[in-house]
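The structure appears right after this line, and notes come after that.
What follows draws every value from the coordinates through simple rules; no lab data is involved. Since the model is a prediction, treat every value here as computed from it, not as a measurement. Glycine also receives a Cβ, built like all others from the backbone with ideal geometry; neighbour counts cover every protein chain displayed.
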Amino acid sequence: MADHGHGPPQGITRWLTTTNHKDIGTMYLVFSLVMFLVGGLMALGIRAELFQPGLQLVNPAFFNQLTTMHALVMVFGAVMPATVGLANWMIPLQIGAADMALPRMNLFSFWLLAVAFVLLLSTFLMPGGAPASGWTLYPPLVLQTGEAFPMAIFSIHLMGASSIMGAINVIVTIVNMRAPGMTLMKLPLFSWAWLITAYLLIAVMPVFAGGVTMLLTDYFFHTSFFNAAGGGDPVLYQHVFWFFGHPEVYIMILPAFGIVSEIIPTFSRKPIFGYEAMVYAIASIAFLSFIVWAHHMFTVGMPLAGQMFFMLATMLIAVPTGVKIFNWTTTMWRGSLSFEPPMLFALAFLFLFTIGGFSGLMMAIVPSDFQYHDTYFIVAHFHYVLVPGAVFAIMAAVYYWLPKWTGHMYDMALAKWHFWLTAIFVNVLFFPQHFLGLAGMPRRIPDYATQFTDWNMVSSIGAFGFGLSQLVFVWVIVKCARGGERATAEVWDWPHGLEWTVPSPAPYHTFEKAPEVR
Amino acid sequence: MSKLPILSGALAALAGVPARADWDLLNMPVGASELSQEIYGTHMLMLWICVIIAVITFGAMIVAMVRFRKSKGAVADQTLLHNARLEATWTIIPVLILIGMAIPAVESLIKIEDTSGSGLTIKVTGYQWQWHYEYLGSGVSFFSRLARTSDLARQKGSGIDPRSVENYLLEVDKPLVVPTGIKIRMLLTANDVIHAWWVPDFGMKRDAVPGFINEMWISVDADKPGTYRGQCAELCGADHGFMPIVVVAKPKAEFDAWLKQQQAAATPVVAAVPE
């Protein structure tokens, strides 16, 4: 704690009134962990029902609520807030700033998010239940939602407002508050990735807000944006949604790229290979994310020219993504590698995200996508890029920076147990879903034909193994927060970046006098 | 590929044996139509290209992880930071591979989207939760919904073991009947929410959007008459998982006889529109 009396107020007031980036970062991360467990419970409900054919536990309507809410909670409640939490904690430390540029707005955006989720989760208790139309909220189906409909839309508006404020804060901070000498091309890659992510957020969140607002007016005021009988078009919604939705998936993965770009050099004990190329690759991916949205909707009946454009543009994404994978691999080349928990998760990311990349490339090919679309093949694909992709990177980040946050080393042996259990079960869980999808099992069904039984059982066993393994993660974090071996300022053998120049735990106020960057 | 999941299910059903769960269901069916076989070929080509790239990249990662371990005394080479030639190579080679992948994909896409020259047009309408089929120009139309046996078994707490039900969830009261060996144009629409019509053995899937008409074409090889099964593929509400598609493909002469018989039996609900 700071010696000169600028410590935080005690008790609950600290968390309600704090404008400190570290406190807000902690709140975001804790919130995200809670939502990860809540969304995980929903997933376990889904996998329990799918353990064998026939309906044993839930009715189909509730099953659809579970799939919808699982996705909304994991995307908007777990992954995005986790990366925002990391941004809050680490961007000021990485760029040598005393805090985020807009601290009050920072706190406001956190509490908006918390309120949004109280509202969203409360829809389970409303007449008609929670939204059940899939997280994409496609009309006309979404218009069959009960009392929950306006609540769900309003909570999305709140989440959107919260994300936009968070993004503005990141941009203003990075653009204005870098330490003297830290030019943009010296910016650590995590901060770079977040800067670009923030622009994506500002660009697409309002589009999503517009789309769902049109749903709201179609529902209550009988406008016909998406109603063919009134001259509208249900497919228009899909275009609007995916214009948001595709950049959204990069909003989840670009910070992960940034994290992995921090961790692999540390545990290879040499700087990242091709720093400039890494920056340009992130920027290219961000640009391409705006012109590929319709690859989520190849079966809606688009003109041939449209299908070709979106196929070719989508395939192009493989190029900058490939550059990143090759550069990470070359960073390890002729390095001096050690395998602490952050590195283990980063390496698992490298392998498993790449598998998700391959299935993504296969799905870009329109003729084959006519078979893959809306099957478990795509469920496998996006879980490979989101779980061993984004979520593993977030776990890697937690294991990388946790000693800096708490001032204690965590239990390495327990963390390695967490890694191996997680890495094995995630494959037991998701790999068989490739087979199910190719063999013809559609997604979002509560019950299935008997020939799909075996692989569904395997997948469900993987799900429970994966879910239970996360309790180890919680235990490691709790144990580390409560105490443990003192961490040094550097923490790791080969620290690089300003965050390792401040003591561990990072004092409540850091860089009140900006450091000099050469 | 003798293990076509749905075809083998159909054969098993013909033999009076319920379809079994199967560990061998790992890949896309080759299918029974020109398009499904072409799509299967594209899929396998892409899969093998990905496997080859995976072997190379994963191989490099594994070599790095084994050779450059600190515990084996590896010392980091702080000078390996840039290599313009290397970086250009791994940008350009993927572009060339992608071009190689795109050419066959574009060719088959053009073929898939060409619905001209069809010998029969069937209008498919999706409802919550059943399908309606109309043989345009013939006055024959009917609904097709989940078979009673499956519907009873799938109720929560029914006490009926799904494994005891023949073609559980993949059986309907009245299947769509199509002729083999000709190109069939499908017009797809929906009455309430968006559905998607998909039979894996025909390779194609397309959304049925209320207020709009989509088209696609299917065919069944002349030498592959039989029963083919699929499901709605777009989330359409509570019973999305319970609106299967069953298609019986018959040789042209048998199909014509079937259609005549249907016409005789039918009191057309909708006036036939001549094509």
- Task: Convert each backbone phi in the stretch B:33-46 into a coupling constant with the Karplus relation 6.51 cos²θ - 1.76 cosθ + 1.60 (shift: θ = phi - 60°), then list the ³J(HN,Hα) values in order as whole Hz, x for Gly and Pro.
- Result: 10, 3, 5, 5, 5, 5, 5, 4, x, 4, 4, 5, 4, 5
- Item | Acute angle (nearest 10 degrees) that the helix A:60-72 long axis makes with the longest principal axis of chain A, alpha-carbon atoms | 30
- Amide H contacts under 5 Å for B:Arg206, restricted to residues at least 5 apart in sequence or on another chain and with H modeled in the peptide plane, are B:Trp197
- Query: Kirkwood Rh, the stretch B:166-275, all Cα pairs: how many Å?
  - Reply: 15.2
- How large is Rg over Rh for the protein assembly as shown, taking Rg from the Cα atoms and Rh as the Kirkwood inverse mean of 1/r across Cα pairs? 0.99
- Report, to the nearest 10°, how far helix A:318-332 tilts away from the longest principal axis of the Cα atoms in chain A, using its own Cα long axis and a range of 0 to 90°. 30
- Message: For peptide B:67-80, what's the mean number of Cβ atoms from other chains within 10 Å of each residue's Cβ?
- Response: 6
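Would you please report the Å³ per residue occupied by the convex hull of the alpha carbon atoms in the stretch A:357-409?
Values: hull volume 3.8 nm³, N = 53.
Once divided by residue count, the hull of the stretch A:357-409 is 71 Å³.
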- Could you work out which residue, out of B:Thr189, B:Thr79, B:Thr227, moves most in a Gaussian network model of chain B, that is, has the largest mean-square fluctuation with Cα springs under 10 Å? B:Thr79
- Task: Mind checking A:135-147 for the average number of partner chain beta-carbons within 10 Å of each residue's beta-carbon?
- Result: 3
- Message: Give the separation of the Cα centroids, the stretch A:351-405 to the stretch A:1-73, in Å.
- Response: 21
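In the neighborhood of B:Pro175, defined by Cβ-to-Cβ distances under 13 Å, what is the net charge if each Lys or Arg adds +1 and each Asp or Glu adds -1? Numbers along the way, then the final one.
Working: positive: B:Arg145, B:Lys174, B:Arg229, B:Lys250; negative: B:Glu171, B:Asp173.
Its environment carries a net charge of +2.
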- Query: 222 nm [θ] for chain A, helices only, -39500 (n - 2.57) per DSSP H run of 4+, per residue, to 500?
  - Reply: -22500 deg cm²/dmol
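Most exposed first by the Cβ proxy, i.e. fewest other Cβ within 10 Å, how do A:Arg14, B:Arg145 rank? If you can, show how the numbers build up before the last one.
Working: A:Arg14 13, B:Arg145 18.
By the 10 Å Cβ count, ascending, the order reads A:Arg14, B:Arg145.
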- Task: Over the alpha-carbon set of the stretch A:89-234, work out the extent along each principal axis and list the three values in angstrom, largest first.
- Result: 60, 33, 21
- In whole Å, what is the distance between the alpha-carbon centres of the stretch B:53-85 and the stretch A:139-175? 43
- Query: Taking neighbour Cβ counts within 10 Å as the exposure measure, how do A:Val249, A:Val175 sort from fewest upward?
  - Reply: A:Val175, A:Val249
- Note on the structure: Amide H proximity to A:Arg269 below 5 Å, modelled H, separation 5+ or other chain, gives A:Ser336
- Message: Rounded to the nearest 5, what % of DSSP beta bridges with both residues in the stretch B:45-191 are antiparallel?
- Response: 65
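Holding the Cα-Cα limit at 24 Å, pick out from A:Lys404/B:Lys72; B:Lys123/B:Lys250; B:Lys174/B:Lys260 the pairs that are longer than that.
Values: A:Lys404/B:Lys72 29 Å; B:Lys123/B:Lys250 19 Å; B:Lys174/B:Lys260 16 Å.
Correct reply: A:Lys404/B:Lys72.
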- Message: Using each residue's phi in the stretch B:106-118, evaluate 6.51 cos²θ - 1.76 cosθ + 1.60 at θ = phi - 60° and report the 3J(HN,Hα) Karplus result to the nearest Hz, with x for Gly and Pro.
- Response: 5, 4, 6, 4, 4, 5, 4, 7, 8, 8, 6, x, 7
- HN-Hα J in Hz across the stretch A:495-504 - Karplus 6.51, -1.76, 1.60, θ = phi - 60°, x for Gly and Pro: x, 9, x, 5, 4, 8, 9, 9, x, 10
- Query: For the stretch A:41-126, what is the convex hull volume of its Cα atoms per residue in Å³?
  - Reply: 92
- Amide H contacts of B:Ala74 (H built 1.01 Å from N, under 5 Å, at least 5 apart or other chain): B:Arg69
- Message: Quick check: net charge around A:Ser504, other residues with Cβ under 15 Å of its Cβ, Lys/Arg +1 and Asp/Glu -1?
- Response: -1
- Based on DSSP, what percent of beta bridges with both residues in the protein assembly as shown are antiparallel, to the nearest 5? 70
- Item | chain B - share of DSSP beta bridges that are antiparallel (%, nearest 5) | 70
